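First the structure, in the form of structure tokens, and then the observations on it.
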Amino acid sequence: MKSKVNTAVFPVAGRGTRFLPATKAIPKEMLPIVDKPLIQYAVEEAVAAGATRLVFITHRSKGAIERHFQTNYELESILKDSGKEALLELLHETVPPGVRFYYVEQGEPLGLGHAVLCAKEVVGNEPFFVHLPDDLIRSDLGCLSELSEIYEETGASVIAVEPVPQERTSSYGVVDIDERSVLKQIVEKPDPKEAPSNLAVVGRYLLTPDIFDLLERTQRGAGGEIQLTDAIAELLPTQEITACRFSGIRYDCGNKYGYVTANLDLALEQEDIRAALQEHLKQL
Ligand code: G1P
């Protein structure tokens, strides 16, 4: 019997060196896209997909993430006293109702597979989402909700994928699929000449809990890290894993180009600045 997906895991222990000096004192997940930090987009997508338990695999330098999801009584009372009701409402919206937050320290930077394994005890014996906040996906359906719909039918793991230029395969997990979109193969960061396709794994997974036993046995792989991709490859003989070509647009906010284009596109969605921004762009 399939259980509902209640838990979302957010690996956020990475140091974000590509955004230094911005990330010297601020977690990269707290960088804003216009006026909302990346981690909040992540939480909203997970909550919209039905998650009520949010698990952050974190590092001691990343306390700002925890604080972002706590009530800020002092700020609230200042806003209340000055009659700024709309801003007060915005603050309240950062903490979705009925949701519990869990924080697990990832002691060593041993990779995504290791980060997910750190969630084992909190997740328990249930299916769960993995959401990498660097990958911002804008879609009406919500990418995690799409994965969940497929899981309702298959009862097995689902992974979000999208085509990338062949020369970019060495930055991603890459899959080979059959005509039913079932995974035949998955490899981490293959050389473009050896990649089984150009279908890249993006940062959304729905995994069944048997992945944890496999992660415990997974040796260091690409980049000397314990790779989630390698554990998923071990799951293939016993599980029909579906690759989901999700709808919407993905911005890789782990690099400057993706981050800036996300800011631009989302700023153009904001009514109060759209016209002025369009005018500015015309003049460029
Ligand atoms: C991780 C995964 C990789 C996946 C990517 C998506 O890589 O290991 O398989 O394609 O996220 O963003 P990273 O970007 O952490 O190197």
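Read-outs throughout are calculated quantities, based only on the coordinates presented, and are distinct from any laboratory measurement. The shown structure was predicted, so the numbers you read here are calculated from the model rather than taken from an experiment. Cβ sites come from the backbone with ideal geometry, for glycine too, and all protein chains shown count toward neighbours.
Couple of notes before you dig in:
- Simple spin-label estimate for Leu264 and Lys80 gives 4.3 nm between the two label positions (7 Å along the Cα-to-Cβ direction from each Cα).
- By the count of neighbouring beta-carbon atoms within 10 Å, fewest first, Lys120, Lys36 end up ordered Lys36, Lys120.
- Order by protection proxy (mean Cβ within 10 Å, highest first), peptides 177-190, 13-26: 177-190, 13-26
- With a cut-off of 13 Å between beta carbons, the residues surrounding Pro196 carry a summed charge of -2, where Lys and Arg count +1 and Asp and Glu -1.
- Calculated FRET efficiency, Leu20 to Leu141, Cβ-Cβ distance, R0 = 41 Å: about 0.75 to the nearest 0.05.
- Nonlocal amide H pairs with Ile33, under 5 Å, H built at 1.01 Å: Leu38
- Over the chain: helical MRE at 222 nm, DSSP H runs n ≥ 4 each giving -39500 (n - 2.57), nearest 500: -9500 deg cm²/dmol
- Restricting attention to the chain, the count of lysine pairs at 8 or more positions apart or across chains with alpha carbons under 18 Å apart stands at 8.
- Whole-number percent relative contact order across the chain, with pairs defined as alpha carbons under 8 Å at least 6 apart: 22 percent
- Simple spin-label estimate for Leu281 and Val34 in nanometres, 7 Å along Cα-Cβ: 1.2 nm
- The length gained on full extension between Ala222 and Asn125, counted as 0.36 nm times the residue separation minus their Cα-Cα distance, comes to 32.1 nm.
- Inter-probe distance in nm under a simple model that places probes 7 Å from Cα toward Cβ, at Gln166 and Glu194: 1.7 nm
- Each peptide in 124-136, 218-230 was scored by the mean count of other Cβ atoms within 10 Å over its residues; highest first, the order is 124-136, 218-230.
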